[in-house]
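Chemist: Have a look at this one before I ask anything.
The values are calculated or read from the model by the stated rules, or taken from the named source; none is laboratory data. All figures in this text were calculated on a predicted structure; none of them were measured in a lab. Here the Cβ is made from the backbone with ideal geometry for all residues, glycine too, and neighbour counts use every protein chain on show. Heads up: the accessible areas ignore ligands, DNA and RNA and are worked out on the full protein's heavy atoms, side chains in. Shrake-Rupley method; radii C 1.70, N 1.55, O 1.52, S 1.80 Å.
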Amino acid sequence: MESTVLCMLTSALCLFTWALGLMAAVENSTQSTVNVTNVNWEISNATVRLAKSADPYHKQVEKCWNSFNAAMFNIEQEYWCNWDYTFRNYSRLQSCLEWHADNLYIAFPNELAHNTILKAHMYHFKNCSLLSAELMDPPENILFGLIFAPICIIPFLVTLVVYKSNNSKPQI
């Protein structure tokens, strides 16, 4: 009896959540999408001063960047957004930055390495996000269903546990 009621309530809750999600999907399909403009990142003057103060690492970072840049220009620009063509160069840049930081006993990731990776993204990969759909937050109706379902289930489960504990015989 109790398991039947529990199954029915769970099914009703799942159906309710599914219906909310379906309504939200229909509502979102009628709305127009909003384009988010690209944010331009700049390396701050403080970072450049920090880089020049850490001279040996700065020189190694420049070598890593020049190597990455040369490797990227060996690939035609139309393939820069294709991960199959660029992942080796990108991985080599990251490995180079990390290896030199480890050899000089500098923490990795660090600000100079981070800004070098940002520079790579700003220069070589700045138009790549336009090729794929941007991820957006789910609509409020779906969030409501996902939040409301567990909140409704918890009191029901607590009631069920209390009910079962009152009716069961103590074990010795």
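Chemist: When you check Asp137 against the structure, is it acidic (Asp, Glu), part of a helix (DSSP H, G or I) and either exposed (fewer than 14 other Cβ atoms within 10 Å of the Cβ) or at pLDDT below 90 (or both), yes or no? Before the answer, list the steps.
Modeler: Numbers: acidic (Asp, Glu): yes; part of a helix (DSSP H, G or I): no; either exposed (fewer than 14 other Cβ atoms within 10 Å of the Cβ) or at pLDDT below 90 (or both): yes.
Spelling it out, it is not the case that Asp137 is acidic (Asp, Glu), part of a helix (DSSP H, G or I) and either exposed (fewer than 14 other Cβ atoms within 10 Å of the Cβ) or at pLDDT below 90 (or both).
Chemist: Return the residue satisfying two criteria in turn: it lies in region 52-89 and is among the hydroxyl-bearing types (Ser, Thr, Tyr) and open to solvent by less than 50 Å² (accessible area, probe 1.4 Å), and of such residues it is farthest from Phe125 (Cα to Cα). I'd like the intermediate steps shown before the answer.
Modeler: Pass one, region 52-89, residues among the hydroxyl-bearing types (Ser, Thr, Tyr): 53, 57, 67, 79, 85-86.
With open to solvent by less than 50 Å² (accessible area, probe 1.4 Å) added as a condition, the list becomes 57, 86.
On the way: Tyr57: 25, Thr86: 10 Å.
Looking at the filtered set, the residue picked out is Tyr57.
Chemist: Right, something else. Let me spell it out: the conditions are (1) part of a helix (DSSP H, G or I); (2) in contact (Cβ under 8 Å) with a residue 40 or more places away in the chain, and Asp84 meets all of them except one. Which number is the exception?
Modeler: Failing condition for Asp84: (2).
Chemist: Sticking with this structure for a sec: Out of (1) part of a loop (DSSP other than H, G, I, E, B); (2) among the aliphatic types (A, V, I, L, M); (3) open to solvent by 90 Å² or more (accessible area, probe 1.4 Å), the odd one out for Ile147 is which?
Modeler: Of (1) part of a loop (DSSP other than H, G, I, E, B); (2) among the aliphatic types (A, V, I, L, M); (3) open to solvent by 90 Å² or more (accessible area, probe 1.4 Å), only one is false for Ile147: (1).
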